[in-house]
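Report on the structure given below.
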Amino acid sequence: MNARWNGQFSCFDLVAKSDECSRTIVTVGDIEIGGDDFIVMAGPCAVESERQLMQTAEAVAAAGARILRGGAYKPRSSPYSFQGMGVAGLKLLRKAREATGLAIVTEVMSGEDVDLIAEYADLMQVGARSMENYSLLQALGRCECPVLLKRGLAATLEELLRSAQVIAMNGNQQIVLCERGIRTFETATRNTLDIAAVPVLKTVSRLPVIVDPSHAAGVRSLVPILARAAAVVGADGLIVEVHPAPDQAMSDGEQSLTFEQFRNMMADLQPYLAIREDAQRLSPQLVVNGGTD
Ligand code: PEP
Ligand code: MN
């Protein structure tokens, strides 16, 4: 490994790769993230109703997803947008888990909500806007539930790992990292998917890395091809937005897949998953940050 990066990350000793620990497997119920399987999390941006959530849970489970996503607490860009159903949404997520056997990932926005959300969630999502909310990260460090840590809108990979270290040093090392696109000068996509983040993080960190092609793309037509890219560079899984009627969604409808599009995406991923194994073999030998322009 490049000496500079080695040095740069050695302070993040609980999340950096080391001779003693080269990878962490994050266990969510009977699901292993960071092991051999490519784990897909899917569901609506926000929990909106029982019917919407149940239909989506059944459709994504049938297509091969293992974890149901759905926000009950929504940090929206506009304060006038739908902010989520709160506890009623959490109860619906629990019901969907009972009906389908899917594990649940849902967002926690504040340290005060950690205990409540941990009663319902199998994986606690830290949204991009909360990546540097250290009191939230500290509270998640003290909780028993694994954490999905999304990269901030304008965060470097070093800053992402610094946030992961805050969770780990407070006692919880079950952390999954998520690349969800960053802000750049480009406006053709909602965010710029930093695909290099996957092999870089897999090289310097022991933690599993998944990709969110939905928030990166901002438009549903690009989601399946970005999902393929994620598999090819060695990601450990995906988190994808799916809705029964995307045009009527209360949040992020433009980037949500229909059930049929999700089914096709999952089927079309198969050949790329074989390539993913190659990428995972390669990443320990990669040298990163090796030069200047
Ligand atoms: C989400 O997953 O719906 C979400 C709000 O994502 P992010 O925090 O990456 O914007
Ligand atoms: Mn969303």
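Some points to look at:
- Rounded, prolate or oblate (a/c below 1.5 giving rounded, otherwise prolate when a/b exceeds b/c) for the stretch 51-157 by Cα gyration tensor: prolate
- In this structure, the amide hydrogen of Leu238, modeled 1.01 Å from its nitrogen in the peptide plane, lies closer than 5 angstrom to those of Ile39, Val40, Met41, Val211, counting only residues at least 5 positions away or on a different chain.
- Spin-label proximity, Glu98 to the stretch 113-138 - amide N less than 15 Å from point 7 Å beyond Cα toward beta carbon: 120-121
- Neighbour counting of Cβ atoms within 10 Å sorts the residues Ile275, Ile67, Ile175, fewest neighbours leading, into Ile275, Ile67, Ile175.
- ³J(HN,Hα) computed for each position of the stretch 223-236 - Karplus, 6.51 cos²θ - 1.76 cosθ + 1.60, integer Hz, glycine/proline x: 5, x, 6, 5, 5, 4, 4, 4, 5, 5, 8, x, 5, 8
- Cα-projected label distance for Gln270 with Met169, points at 7 Å along beta-carbon direction, nm: 4.7
- The chain: most fluctuating residue of Ala57, Ala267, Ala121 per GNM, C-alpha cutoff 10 Å: Ala267
- The relative contact order of the stretch 147-293 comes to 19 percent, based on Cα pairs under 8 Å that sit 6 or more residues apart.
- 5 angstrom amide H check on Asp194, placed H, neighbours 5+ away: Gly181, Ile182
- The charge dipole of the stretch 75-232, taken about the Cα centre with unit charges on the Cβ atoms of Lys, Arg (+1) and Asp, Glu (-1), comes to about 400 debye, rounded to the nearest 20.
- When Rg and the Kirkwood radius Rh are both evaluated on Cα atoms of the stretch 162-253, their ratio Rg/Rh stands at 1.02.
- Residue among Lys17, Lys91, Lys202 with the largest mean-square fluctuation in a Gaussian network model of the chain, springs linking Cα atoms under 10 Å: Lys91
- Long-range amide H partners of Ile175 with built H, under 5 Å: Val147
- Backbone geometry of the stretch 177-194 corresponds, through the Karplus equation with coefficients 6.51, -1.76 and 1.60 at θ = phi - 60°, to 3J(HN,Hα) couplings of 8, 9, 8, 10, x, 10, 7, 9, 6, 6, 10, 5, 10, 4, 9, 9, 5, 8 Hz, x marking Gly and Pro.
- Normalised by the number of residues in the stretch 126-195, the mean separation of alpha-carbon contacts (under 8 Å, six or more apart) gives a relative contact order of 32 percent.
- Taking other C-beta atoms within 10 Å as the exposure proxy, Val211, Val198 rank Val198, Val211 from fewest upward.
- By other beta-carbon atoms within 10 Å, ranking Phe259, Phe82 with the fewest at the front produces Phe82, Phe259.
- In order along the stretch 263-274, the phi-based Karplus estimate (6.51 cos²θ - 1.76 cosθ + 1.60, θ = phi - 60°) of 3J(HN,Hα) comes to 4, 5, 4, 5, 5, 6, 6, 3, x, 6, 5, 5 Hz; Gly and Pro are listed as x.
- Qualifying GluC sites (Glu not before Pro) for the stretch 115-187 [loop in DSSP, other Cβ within 10 Å: at most 11]: Glu119, Glu144, Glu186
Every number in this text was worked out from the coordinates using simple rules, so none of it is lab data. In this text the structure is predicted, and so the values were computed from the model without any measurement. A quick note on method: Cβ atoms are made from the backbone with ideal geometry, for glycine too, and the neighbour counts reach across all protein chains shown.
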